[in-house]
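Structure first, commentary second.
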Amino acid sequence: MHEKPAFLTINYSRVIHLSHGINPQIPQWPNDPPVEFEPAAELDKDGYYLRRFSMGEHSATHINAPNSFHADGVGIDAYPAESLVVPAVAINIRSQSTTNPDYALTIADVLAWEQQHGKISAGSVVLLYTGWLEKWLNPVAFLNEMHFPGFAGETTRFLIDERHIAGVGIDTHGVDGSDTTFATNRQVLKRRGIVLENLTNLDRLPPTGTTLVIGILRLREGSGSPAAVMAFY
């Protein structure tokens, strides 16, 4: 019997949720569909309990699909299973974000991180911890009139072209931060990469050594999906 290749093995001592719980009070992007739950069956009447729910494809912790920004892009159901199990690195810009809510990750930030932790490996998802996850229970503070940190477009270009990353993720409502051109989303999704938003518990991750397992709803031609993201580290 052949030994399993190392790249198919996840070595970990801890596993945590990187997804927020879902309820009608979560922060919502302006004009997104509300999160709604409605009873469909009751224990005392039907013998079992069941609810129906509705929400937008980009609500709560979620993954975006290429067709959300590109007319010829695929839907979330086209992502192969193997593309949803990926190594990850975590970059901490909490101190910068505390003083500047519009802070955008720079190439210099990436290079400084690499001086401490080594070059970002090809095929990694770069997770950006901004501290915004601490505001999740206060939707007004979390959205902050659409001012929150993210990735600078030129930094994303560097990460794609020079580090060959698999994608990006963040604890705010958008990897683009205050960039209304959505440069990071557009660049990553053009390559069918991973874009994760509204993550939590990024403060608990080490800089390197994490593997993500991203659970999606395989919505036909979905522009994205609420995601159950697990971190093994």
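The values are calculated or read from the model by the stated rules, or taken from the named source; none is laboratory data. Model, not experiment: these values are computed from the prediction. Note that each Cβ is placed from the backbone with ideal geometry, even for glycine, and that neighbours are counted across all protein chains shown.
Provide a single number: the residues in the range 47-88 that are in a helix (DSSP H, G or I) and in contact with a helix residue (DSSP H, G or I) (Cβ under 8 Å, 6 or more places away or on another chain).
Final tally of qualifying residues: 2.
Filter the range 140-171 down to residues that are among the small types (G, A, S) and in contact with a Gly (Cβ under 7 Å, 6 or more places away or on another chain) and give me whichever is farthest from V85 (Cα to Cα).
Out of the qualifying residues, it is G150.
Is there any pair linking a residue in the range 90-108 that is under 10 Å from A152 (Cβ atoms) and of a type in the set (A, V, I, L, M, F, W, C) to one that is assigned to a helix (DSSP H, G or I) and at pLDDT 95 or above, with Cβ under 6 Å and at least six apart or on different chains, and which?
Close Cβ pairs satisfying both conditions: L105/T155; I107/T155; I107/F158.
Pick from the range 136-181 the residues that are touching a residue at least 40 places away in the same chain (Cβ under 8 Å) and among the hydroxyl-bearing types (S, T, Y): which of them is surrounded by the fewest Cβ atoms within 10 Å (Cβ to Cβ)?
This residue is S178.
Scanning the range 22-46 for residues that are aliphatic (A, V, I, L, M) and assigned to a loop (DSSP other than H, G, I, E, B), which turns out surrounded by the fewest Cβ atoms within 10 Å (Cβ to Cβ)?
I22
Closer than 24 Å to A152 by Cα, touching a Ser or Thr at 6+ places or on another chain (Cβ under 8 Å) and surrounded by fewer than 20 Cβ atoms within 10 Å (Cβ to Cβ): is that true of R186 in this structure?
So R186 does not fit the description; no.
Scan the range 158-201 for residues that are under 13 Å from the mean Cα position of the chain (by Cα), part of a helix (DSSP H, G or I) and among the small types (G, A, S) and jot them down.
none
Could you please find all residues in the range 202-211 being closer than 25 Å to I26 by Cα and either surrounded by fewer than 16 Cβ atoms within 10 Å (Cβ to Cβ) or under 12 Å from the mean Cα position of the chain (by Cα) (or both)?
Within the range 202-211, L202, D203, R204 meet the criteria.
So is H62 surrounded by 11 or more Cβ atoms within 10 Å (Cβ to Cβ) and under 15 Å from E221 (Cβ atoms) or not?
Spelling it out, it is not the case that H62 is surrounded by 11 or more Cβ atoms within 10 Å (Cβ to Cβ) and under 15 Å from E221 (Cβ atoms).
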